[in-house]
Amino acid sequence: MAAWLAGETDRRTTTTAVRFTLEELADVAPGNAVEVRVPPAGAVQAVAGPRHTRGTPPNVVETDVETWLALATGRLTWADAAASGTVSASGERADLSALLPLQAARDRS
């Protein structure tokens, strides 16, 4: 269950956090090769590579709000999220393990 549903954080704050971290991802890994979806809070295109223009993108990452925030902040590893099925990643560029957590990725860039 998302944190805002449990009453820990309101939905507006959580949605803002997701959108901010998605923007940070796009800043750390600019490009249009991977579409990262965190419904219903937001989506972004990131990672250098071929630009996607029509239909379903070939590289898609999708997860829930709580999982995304845990990945972005380092409370959850990419490997653990993938193993548990809380993140869905398709396409050869959809592995975001080198970009998460975001602070570590920013420190490397």
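Data table
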| quantity | calculated |
| --- | --- |
| Size of electric dipole in the chain: Cβ of Lys, Arg +1 and of Asp, Glu -1, about Cα centre, debye, nearest 20 | 260 debye |
| Calculated FRET value between R54 and D107, using beta carbons and R₀ = 25 Å, to 0.05 | 0.10 |
| Per-selection Rg to Rh, the range 31-71 - Cα, Kirkwood hydrodynamic radius | 1.00 |
| Förster-model FRET efficiency, 25 Å R0, T9 and A82, C-beta, rounded to 0.05 | 0.50 |
| Solvent-accessible area per residue for the chain (1.4 angstrom probe, square angstrom) | 57 Å² |
| Fraction of accessible area attributable to carbon and sulfur, the chain (%, probe 1.4 Å) | 51 percent |
| Two-decimal log10 I(q)/I(0) for the chain, as the Debye equation yields it once each C-alpha is a single scatterer, q = 0.11 Å⁻¹ | -0.31 |
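The values are calculated or read from the model by the stated rules, or taken from the named source; none is laboratory data. If you're wondering where the values come from, they're calculated on a predicted model, not measured in any experiment. For neighbour counting, all protein chains shown are included, and Cβ atoms are generated from backbone atoms with ideal geometry for every residue, glycine included. For accessibility, only protein heavy atoms count, side chains too; no ligands or nucleic acids. Shrake-Rupley method; radii C 1.70, N 1.55, O 1.52, S 1.80 Å.
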